[in-house]
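To start, the structure itself, in structure tokens.
The values are calculated or read from the model by the stated rules, or taken from the named source; none is laboratory data. As the structure is a computational prediction, the values presented were derived from the model and not from experiment. So basically every Cβ, Gly included, is an ideal-geometry build from the backbone, and we count neighbours across all protein chains shown.
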Ligand code: GDP
Ligand code: IMO
Ligand code: MG
């Protein structure tokens, strides 16, 4: 029996969706445990592209999908997603997709505050996805959030929304100079959402406990990436949840000893969407080439992703923070055709070389990446299915990643499609 957590090691968009879809074949249940519809996970199966923002990437494999208590759910978005998948013949009925009764819901005022706050910040903005994620987690922490359990009780819901809207309107009008909201239409609209979603809502922790006792295999799907973690990322340029593997437990309601493996997805180079530090960022032609070849546009907002060289300092950070037991390298195919490749092995700071990621953004801004250069390859590798058939220089690049992280590679992805994959060691077998 294996229960595996998949997390992003960088700043998100490492290819978690593709890998979770691929590995879901071997799991009984796929669980999201944090984030919300700020995530955009892309699956390419039989030539067809599917992007999921909330529903775990196990649906195309016909698996049962759970949304844990740690996720913030926009009811309008999940309904849209259920309809989108169901119209394509995928079973997303209440037996297949279940939502925690303790998951917090995103309300229109969360989005309004998110957008107005970013506006006010001007060039200091975080570059959020504008989906209300931060303000929703903020209400959860200050104990005025609304969970599914409250949404399903119309009296409690009405009372809560009325009191929270009053407070939000004061803030929206007087501080953010933005339009106030009317509580009544929100209450009516969310009553319709409640009716639609009620059959999906349950106690996910209890369900997972039963599944674990029955010996089922569970795949936990992280959203965002380790360096967007609210505690361990490049704060304040982060998202508002813990993205590291430990949160698979808190965000779904299981204990740490139930996890048997933690796999970190590593894009073969680095990308970041939105603001914040990015030591190995490429602002030159090579960056443009990789951005175009990798089609690096956000799956949620469509924004161009910033691109840079692979950074072993952040990878080592991710190894420690998540306790990674294996690496999954994605988008290796994108690097073909570059004469040489660079890997950052440390940060030069005030005459010393830092091996660990600094907490202080001022110090990080003063860091200069120390690079080593490796030879590139020109062969198209997307049809390769055995590691030994990769060009010699691609193998050297992978070996160097293993040396620098001291973690073995389990899977190498060489294209967006499910089958464009080299399995070195299947984490479930
Ligand atoms: P996620 O948020 O981690 O699930 O990643 P996204 O779906 O936002 O972004 C990854 C993008 O890369 C998507 O467009 C995928 O279809 C694509 N992709 C995933 N793996 C590979 C790969 O190995 N090669 C190429 N060329 N594209 C990939
Ligand atoms: P997946 O799961 C990449 C980034 C935003 C912004 C910051 C805060 O697809 O990898 P938020 O809306 O969460 O308050 O925005 O976090 N961000 C992501 N970047 N991939 C994601 O998810 C992201 N989710 C949030 O761009 O910089
Ligand atoms: Mg994404």
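The residues on offer are 173, 168, 162, 207, and the sole one that is farther than 30 Å from residue 1 by Cα, at pLDDT 95 or above and buried (at least 16 other Cβ atoms within 10 Å of the Cβ) is 168. Taken over the range 88-111, residues that are within 21 Å of residue 172 (Cβ to Cβ) and over 23 Å from the mean Cα position of the chain (by Cα) amount to 1. Scanning the range 69-93 for residues that are closer than 26 Å to residue 247 by Cβ and not in a helix (DSSP H, G or I) turns up 69, 70, 71, 72, 73, 74, 92. How about the range 195-215: which of its residues are assigned to a helix (DSSP H, G or I) and either touching a residue at least 60 places away in the same chain (Cβ under 8 Å) or more than 30 Å from the chain's Cα centre (by Cα) (or both)? Once the filter is applied, which keeps residues that are assigned to a helix (DSSP H, G or I) and either touching a residue at least 60 places away in the same chain (Cβ under 8 Å) or more than 30 Å from the chain's Cα centre (by Cα) (or both), the range 195-215 yields 196, 197, 199, 200, 204, 205, 207, 208, 211, 212. Only one entry of 122, 93, 132 meets the criterion of being assigned by TED's automatic domain parsing to the domain that holds residue 169 and modelled with pLDDT of 95 or more, and that entry is 132. On the stretch given as the range 172-194, residues that are in a helix (DSSP H, G or I) and within 30 Å of residue 121 (Cβ to Cβ) total 8.
When each of 7, 44, 72 is tested for being over 14 Å from the mean Cα position of the chain (by Cα) and either within 16 Å of ligand 3 (Cβ to nearest atom) or within 23 Å of residue 128 (Cα to Cα) (or both), the lone residue that passes is 44. Note on the range 291-313: residues that are more than 16 Å from ligand 3 (Cβ to nearest atom) and out of contact with any helix residue (DSSP H, G or I) (no Cβ under 6 Å at 6 or more places or on another chain) total 6. Looking at the range 287-297, is at least one residue more than 30 Å from residue 384 (Cα to Cα) and touching a strand residue (DSSP E or B) at 6+ places or on another chain (Cβ under 8 Å)? No. Does any residue of the range 365-377 turn out to be at pLDDT below 95 and assigned to a helix (DSSP H, G or I)? Yes - at least one qualifying residue is present in the range 365-377.
Based on what the data block shows, is residue 379 touching a residue at least 24 places away in the same chain (Cβ under 8 Å), surrounded by fewer than 18 Cβ atoms within 10 Å (Cβ to Cβ) and farther than 27 Å from residue 17 by Cα? For residue 379, the condition - touching a residue at least 24 places away in the same chain (Cβ under 8 Å), surrounded by fewer than 18 Cβ atoms within 10 Å (Cβ to Cβ) and farther than 27 Å from residue 17 by Cα - is not met. Criterion first (assigned by TED's automatic domain parsing to the domain that holds residue 32, surrounded by fewer than 19 Cβ atoms within 10 Å (Cβ to Cβ) and within 17 Å of residue 253 (Cα to Cα)) does residue 221 satisfy it? No, not satisfied. Contact map, the range 310-325: first residue outside the structural domain of residue 281 (by TED's automatic domain parsing) and free of Cβ contacts under 8 Å to residues at least 12 places away in the same chain, second residue in a helix (DSSP H, G or I) and crowded, with 24+ Cβ neighbours inside 10 Å, Cβ cut-off under 7 Å, separation 6 or more or different chains; the map is empty.
Within the range 240-264, being surrounded by 17 or more Cβ atoms within 10 Å (Cβ to Cβ) and more than 20 Å from residue 214 (Cα to Cα) holds for 240, 241, 242, 243, 244, 245, 246, 247, 251, 262, 263, 264.
Of the numbered criteria (1) within 14 Å of ligand 2 (Cβ to nearest atom); (2) buried (at least 23 other Cβ atoms within 10 Å of the Cβ); (3) assigned to a loop (DSSP other than H, G, I, E, B), the one residue 234 fails is (2).
For the range 44-68, a residue qualifies if it is surrounded by 24 or more Cβ atoms within 10 Å (Cβ to Cβ), in a strand (DSSP E or B) and within 14 Å of ligand 1 (Cβ to nearest atom), and exactly one does: 52. Return the pairs, sorted by first residue and then second, in which the second residue is part of a loop (DSSP other than H, G, I, E, B) and within 16 Å of ligand 1 (Cβ to nearest atom), the first residue lies in the range 244-267 and is under 18 Å from residue 427 (Cα atoms), the beta carbons are less than 6 Å apart, and the residues are 6+ apart or on different chains. Qualifying pairs under 6 Å: 248/33; 262/245; 262/324; 264/9; 264/324; 265/14; 265/15; 266/9. Evaluate the range 329-337: report whether one residue or more is assigned to a strand (DSSP E or B) and surrounded by 20 or more Cβ atoms within 10 Å (Cβ to Cβ). Among the residues of the range 329-337, at least one is assigned to a strand (DSSP E or B) and surrounded by 20 or more Cβ atoms within 10 Å (Cβ to Cβ), which makes the answer yes.
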